[in-house]
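The values are calculated or read from the model by the stated rules, or taken from the named source; none is laboratory data. The structure presented is a predicted model; accordingly, all values stated were derived computationally and were not measured. Positions of Cβ are backbone-derived with ideal geometry, glycine not excepted, and every protein chain shown enters the neighbour counts. Just the protein is used for accessible areas: all its heavy atoms, side chains included, with ligands, DNA and RNA removed. Shrake-Rupley method; radii C 1.70, N 1.55, O 1.52, S 1.80 Å.
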Amino acid sequence: MGIDKLMGNEGAKRLIKNQLNIKKESGTYLFYGRSGIDLDGYALAFAKAVNCQSVEDDFCGECRSCVEIDKGIYPDLTIIESENNIIGVDKIRDVIYKAGSSGYSGLKKIFIIKEISKMRKEAANAILKTIEEPPKGTFFILTSHTLNILPTIKSRSMLINIYPPSIKESGIDEKIYTLLEGNIDGITYIKDRSLENIINDEEADFIRLFIEYSQAYTVENRIKLYYFVELFLDKVKFLSDKERIKIASDIEKAASGNKELLKELMQIIIIKMSHKNFEFNLEEFLEIREAVHYGVNLQSILTYFFMKIK
């Protein structure tokens, strides 16, 4: 176990270990990287290293603190996630209160705030002073798959960029690596399995797989979705306008208004188009994708998106 065992990211691991070597009593860190990167794994590794009772400036994975953090029962670890795609001010006020209170473990208090970009402005303003000067023995770990974050949050955090592992670091076949877009959780999942065992339904299509993924966000379902998006793009040029409209309608219904899920699918398609050397205007497709966030008629946006794929 330990930080060095994390896949890839030698620079980020050195930075983390240097921070541990300094013996800081508090701090705020922003772990960021593109979609699919296991930011939670790095956040929890840092939390364990700060509190490990057996290893200095690292974690053992076996002491009481490490085990309790892994199980999610460590009394001084608070994990904040969005609700309805928002981190509201009430949750943050609770964090501020806990940060100023005495801990239970006698060790360091850790607050992990996932996807900090989803924090409401009033919530961000409320927590600024606390993350700028965390109480002694308190660490804030913020994560985000985008740097579209309030500058006031970024300026008060140490930024640690987490990259996907290289093909060599992943230890898997280049074709599989490309399919998975370098996603760490997918690589870890598939190492003990074969793609053939995962992709065992020849009658499936990416719409059905998207529906399954919308119902259960598992690594296996995402791997299947990646695979069948590639198959879809191999034949998309033969689809009629009527078929494209039907696809847009089916996807819009499956998403049930989940705009982040729709944006994730569109991002997968855009990346796969790039890998397959489609001729397309990347900026235009990214603008269509962002329109999902603000649009009311999602089916119209999706229809336009699929009509543009040639």
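Tell me what the chain gives for mean residue ellipticity at 222 nm when only DSSP H runs of n ≥ 4 count, each as -39,500 (n - 2.57), the sum divided by the residue total, rounded to 500 deg cm²/dmol.
Result for the chain: -16000 deg cm²/dmol, rounded to the nearest 500.
Alpha carbon centre of the stretch 232-280 versus the stretch 1-55: separation in Å?
36
Taking the Cα centre of the stretch 1-64 as origin, sum charge times position over the Cβ atoms of Lys and Arg (+1) and Asp and Glu (-1), and report the length of that vector in debye to the nearest 20.
Roughly 120 debye, rounded to the nearest 20.
Counting only protein heavy atoms, what percent of the accessible surface of the stretch 27-152 is carbon or sulfur at a 1.4 Å probe?
Here carbon and sulfur together make up 46 percent of the probe-accessible area.
Quick one: accessible area per residue over the stretch 65-186, 1.4 Å probe, rounded to a whole number of Å²?
Per residue, the stretch 65-186 has 51 Å² of solvent-accessible surface.
Summing +1 for each Lys or Arg and -1 for each Asp or Glu, what net charge is found among the other residues whose Cβ lies under 11 Å from the Cβ of Tyr177?
The answer is -2.
Based on the alpha-carbon gyration tensor of the stretch 147-252 and its eigenvalue square roots a ≥ b ≥ c, which shape applies: rounded if a/c is under 1.5, prolate if not and a/b is larger than b/c, or oblate?
Oblate, since a/c reaches 1.5 and b/c is not below a/b.
How many percent of DSSP beta bridges within the chain run antiparallel, rounded to 5?
Percentage antiparallel, nearest 5: 5.
In terms of Cα to Cα distance under 12 Å, which aspartates and glutamates are near enough to Lys308, apart from those fewer than 8 places away along the same chain?
Excluding near neighbours in sequence, the set is Asp241, Glu279, Glu284.
Estimate the FRET efficiency between Tyr217 and Lys136 by the formula 1/(1 + (r/R0)^6), using the beta-carbon distance for r and 41 Å for R0, to the nearest 0.05.
0.60
If we count every other residue with Cβ under 13 angstrom of Glu284's Cβ, Lys/Arg +1 and Asp/Glu -1, where does the sum land?
Here the charged neighbours net out to -1.
Please compute the per residue accessible area over the stretch 199-253 with all protein chains in place, 1.4 Å probe, rounded to a whole number of Å².
Normalised by residue count, the accessible surface of the stretch 199-253 is 56 Å².
Working out 0.36 nm times the residue gap between Phe280 and Lys308, then minus their Cα-Cα distance, what length gain in nm do you get to one decimal?
Result for the pair: 9.2 nm of gain on full extension.
Hey, if you put +1 on the Cβ of every Lys and Arg and -1 on every Asp and Glu Cβ in the chain, which of Asn221, Met1, Val296 ends up farthest toward the positive end of that dipole?
The residue sitting most towards the positive pole is Val296.
Specify whether the C-alpha gyration tensor of the chain places it in the rounded, prolate or oblate class, a ≥ b ≥ c being the square roots of the eigenvalues: rounded for a/c under 1.5, otherwise prolate if a/b is larger than b/c and oblate if not.
prolate
What are the aspartates and glutamates whose alpha-carbon lies under 13 Å from the alpha-carbon of Lys114, with same-chain residues fewer than 8 places away excluded?
Leaving aside aspartates and glutamates fewer than 8 places away in the same chain, those within reach of Lys114 are Asp38, Asp40, Glu81, Glu83.
Please compute the length gained on full extension between Glu290 and Leu150, using 0.36 nm multiplied by the number of residues separating them and subtracting their Cα-Cα distance.
Here the answer is 48.6 nm.
How large a share of the accessible area of the stretch 232-301, in percent, is made up of carbon and sulfur atoms when the probe is 1.4 Å and the other protein chains stay in place?
That fraction is 49 percent.
Rounding to the nearest 20 debye, state how big the charge dipole of the chain is about its Cα centre with +1 on each Lys and Arg Cβ and -1 on each Asp and Glu Cβ.
Charge dipole, the chain, about its Cα centre: 840 debye, nearest 20.
Could you tell me the accessible area of Ile309 in Å² (1.4 Å probe, neighbours in place), rounded to the nearest ten?
0
In debye to the nearest 20, how big a dipole does the stretch 217-290 give about its Cα centre with +1 on each Lys and Arg Cβ and -1 on each Asp and Glu Cβ?
I would put it at about 280 debye.
With each pseudo-label sitting 7 Å past Cα toward Cβ, what's the Lys253-Ser194 distance in nm, one decimal?
Result for the modelled spin labels: 3.7 nm.
For Lys191, go through the aspartates and glutamates and keep the ones whose alpha-carbon is under 14 Å away, minus same-chain ones fewer than eight residues off.
Output for Lys191: Glu169, Asp173, Glu174, Glu220.
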